[in-house]
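Below is one structure, written out as C-alpha cells, with a few remarks after it.
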Amino acid sequence: MATKEELQALADQEIEDAKPMYKQVNSERLELTDADYAQAKIDLGNSKWNDQEFGYIDARKNAYPSIGDQLDMQYHDAVDGTTTWKDAVAKVKSDNPKPE
C-alpha cells in the first residue's frame with residue numbers, strides 16, 4: 001500500500017499532466033488559477049487516500065447478496081445443514097480485503 005505522501009505525489013503529477021484545465025464561470029471558459037490547481041491536487045490526493053483506505057467498504061456493500069437472499073441462505077443452511085451463507089460472506093470478505 002502507498003503512503004499518503006506517495007498518493008499525494010501521484011495526484012500532483014496527474015494534475016500537472018492534465019494542464020491546462022478549465023472551469024466555467026458565468027458562461028466564460030477560464031483556465032484554473034494557481035489556487036484552483038493547488039486545491040485540485042489536495043482534493044485528488046485525499047480522494048486517492050480515501051479510496052485506498054476505505055474503498056473496500058463500498059466494494060463489500062455492493063458485493064453482498066441482498067438481506068432477503070442472505071436470510072434465505074441462512075434458512076436453507078439451518079434446514080439442509082449447508083454453509084451457503086457463511087461461504088458467500090467469506091467470499092465477499094476475501095475478494096474485498098480490509099487494508100492492514
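The values are calculated or read from the model by the stated rules, or taken from the named source; none is laboratory data. Only a predicted model underlies this, so the values are computations on that prediction, with no experimental measurement involved. Quick reminder, even Gly has a Cβ in these numbers, built from the backbone with ideal geometry, and neighbours come from all protein chains shown. Heads up: the accessible areas ignore ligands, DNA and RNA and are worked out on the full protein's heavy atoms, side chains in. Shrake-Rupley method; radii C 1.70, N 1.55, O 1.52, S 1.80 Å.
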Given GLY55, GLY68, GLY45, GLY81, which one is at negative phi and over 17 Å from the mean Cα position of the chain (by Cα)? GLY68
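Being part of a loop (DSSP other than H, G, I, E, B) and either touching a residue at least 24 places away in the same chain (Cβ under 8 Å) or among the β-branched types (Val, Ile, Thr) (or both) is the filter; apply it to segment 43-99 and report the residue that is nearest to GLU14 (Cα to Cα).
PRO99
Take the residues of segment 36-52 that are out of contact with any Asp or Glu (no Cβ under 8 Å at 6 or more places or on another chain) and of a type in the set (D, E, K, R): which is surrounded by the most Cβ atoms within 10 Å (Cβ to Cβ)?
Per the stated criteria, the residue is LYS48.
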Given the structure, is GLU14 without any contact (Cβ under 8 Å) to a residue 24 or more places away in the chain and more than 14 Å from the chain's Cα centre (by Cα)? no
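Being of a type outside the set (Asp, Glu) and open to solvent by 60 Å² or more (accessible area, probe 1.4 Å): is that true of LEU10 here?
yes
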Which of (1) of a type in the set (Lys, Arg); (2) farther than 29 Å from PRO99 by Cα; (3) not in a strand (DSSP E or B) does ARG29 not meet, given it meets every other one? (3)
MET73 fails exactly one of (1) surrounded by 12 or more Cβ atoms within 10 Å (Cβ to Cβ); (2) out of contact with any Phe, Trp or Tyr (no Cβ under 8 Å at 6 or more places or on another chain), namely (2)
